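The values are calculated or read from the model by the stated rules, or taken from the named source; none is laboratory data. As the structure is a computational prediction, the values presented were derived from the model and not from experiment. Here the Cβ positions follow ideal geometry from the backbone for every residue, glycine too, while neighbour counts run over all protein chains shown.
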Amino acid sequence: MSASVDPQGSVRDASPAAGERNPRFALFVATACGLGYLPKAPGTWGSLGGLVLVTLPFWTTIVITWISGSFGIFFNGTTLDPILATHVLLAMATAAIGVWSANRAAAFWRQHDPQRVVIDEVSGQDLAIVLGVAVPVWWRPAQTTWESGSFGLITIHSVLSWKYLLLGFILFRVFDIWKPFPARQAESLRGGWGIMADDWVAGIYAAIGLWIARAAGL
């Protein structure tokens, strides 16, 4: 039987609660399809999963719009950017299911923030890249072409390049480990909210750093 120390310093039993049914789907989600079970630095594996997640909307939108024959979704007379809309919906869905699954996993393993739960890193890393690249730099012309070395688009006018992926990954890991205000305070929230919220704060800090790098000409 293993044990862990929670943020308040008390020892917590890391074994599953006796007689509790194994929430297999919740654990599958909470560990990001099993990434959390990988040895050494599970948070880093979760962040890498977030980089995979951030590239999905571009490719899925390409397929959908190719089938529909249009690269715009018209809503109330205005054109909605389909790639950005997909990113927003995916980020919201990941955050919501992350809170639910993290809460179930923490209760099952009887730990405040189990290391095996990495859906928080997936969600935070996704938030860092999307916000850092989608928010326009108003005094610089938009890069509208999908160039060699690019992984896709965050919006129709925002190219996602390997430089942004790498810098966003590094910045998020730094802030996730550092936990500047109010990230550490967010950990005190109950259940899945406490597990997820500190990574959202780290993601926002990383997004600001990435946006500044773009504004500086990266």
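Of note:
- Residues of segment 49-70 satisfying the condition of being modelled with pLDDT under 80 and either surrounded by 15 or more Cβ atoms within 10 Å (Cβ to Cβ) or assigned to a helix (DSSP H, G or I) (or both): W59, T60, T61, I62, V63, I64, T65, W66, I67, S68
- For segment 154-193, taking the residues that are under 16 Å from the mean Cα position of the chain (by Cα) and aromatic (F, W, Y), the one that is nearest to A206 (Cα to Cα) is identified as F172.
- Meets criteria (basic (K, R), within 24 Å of V174 (Cα to Cα) and modelled with pLDDT of 90 or more) for R116: yes
- For first residues located in segment 185-213 and on the phi < 0 side of the Ramachandran plot, partners that are among the polar types (S, T, N, Q) and not in a helix (DSSP H, G or I) and lie 6+ apart or on another chain with Cβ distances below 9 Å form the pairs S188/Q8; G194/S188.
- The residues on offer are F181, F169, and the sole one that is aromatic (F, W, Y), surrounded by 14 or more Cβ atoms within 10 Å (Cβ to Cβ) and farther than 21 Å from W138 by Cβ is F169.
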